[in-house]
1. I need the full set of residues from segment 32-79 which are over 17 Å from Ala100 (Cβ atoms), aliphatic (A, V, I, L, M) and either open to solvent by 30 Å² or more (accessible area, probe 1.4 Å) or in contact (Cβ under 8 Å) with a residue 24 or more places away in the chain (or both), in order please.
2. Would you mind finding the one in Thr108, Thr83, Thr138 that is out of contact with any Phe, Trp or Tyr (no Cβ under 6 Å at 6 or more places or on another chain), hydroxyl-bearing (Ser, Thr, Tyr) and farther than 23 Å from Lys153 by Cα?
3. Take Asn41 and tell me if it is among the polar types (S, T, N, Q), out of contact with any strand residue (DSSP E or B) (no Cβ under 6 Å at 6 or more places or on another chain) and not in a loop (DSSP other than H, G, I, E, B).
4. Just to be sure I understand, how many residues within segment 119-130 are open to solvent by less than 20 Å² (accessible area, probe 1.4 Å) and in contact with a Phe, Trp or Tyr (Cβ under 9 Å, 6 or more places away or on another chain)?
5. So which residues in segment 80-100 are crowded, with 16+ Cβ neighbours inside 10 Å and of a type outside the set (Phe, Trp, Tyr), if there are any at all?
6. In segment 101-118, which residues are more than 22 Å from Asn51 (Cα to Cα), hydrophobic (A, V, I, L, M, F, W, C) and open to solvent by less than 30 Å² (accessible area, probe 1.4 Å)?
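The values are calculated or read from the model by the stated rules, or taken from the named source; none is laboratory data. Nothing here was measured: the structure is a model prediction, and the numbers come from that model. Here Cβ is always computed from backbone atoms with ideal geometry, including for glycine, and neighbour counts include all displayed protein chains. SASA here: full protein model, heavy atoms, side chains in, ligands and nucleic acids out. Shrake-Rupley method; radii C 1.70, N 1.55, O 1.52, S 1.80 Å.
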Amino acid sequence: MANRGPSYGLSKEVQEKIDQKYDPDLEQKLVDWIVAQCGGNLDKPQAGKQNFQKWLMDGTILCRLINSLYPRGKEPIKKIPETQMAFKQMEKISQFLQAAEAYGVTTTDIFQTVDLWEGKDMAAVQRTLMALGSLAVTKDDGYYKGDHDWFHKKSQGYRREFTEEQLRQGQSLIGLQMGSNRGASQSGMTGYGMHRQIMLSAFYDSPLQIG
């Protein structure tokens, strides 16, 4: 993998656990979708995590992928230069990630540039692409290409719109249900403990009657 030395000790154990999350079957599905989405002039990589990483790591395919989900002239990434310069390739990956988040992929589903460029967490790369594919299928705006069964549609909240008249009626109904305090006052009400004080005063002021 690019620019990576061997892992030792604890870091090796951590990397092995991360690598175990990588799904070879999902890799094939993602490759099929990316090729279908970007057009037939894109060659598929050989199977395997390292080949998948090398296929995507310069950022070009990812930029083409996110652009293909928009109408012509509305693409979020205007220029996709072919370059062998490492920082330019990482810049293209970052542009893809920003565009993917703007498209609707949640921050928790976005991988880090080094996850792909250095191959640190290709499972995270798969997660981002899966989230992007699911969003594209869910939007169903005509720009998704490929088998719709490759991704699950995301659940969408049901939002109701109310007219101003409906809102006013609702407020009136709530007012009737809760009762009204119009015209209410404290007239005729006695304070707490007043009744007891009057009774005691009457007792002491009245003459004592015997027999």
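1. Listed by number, the residues that qualify are Ala36, Ala47.
2. Thr83
3. Answer is no for this residue.
4. So the answer is 7.
5. Scanning segment 80-100 gives Ile80, Gln89, Met90, Lys92, Ile93, Gln95, Leu97, Ala99, Ala100.
6. Selection gives Val105 alone.
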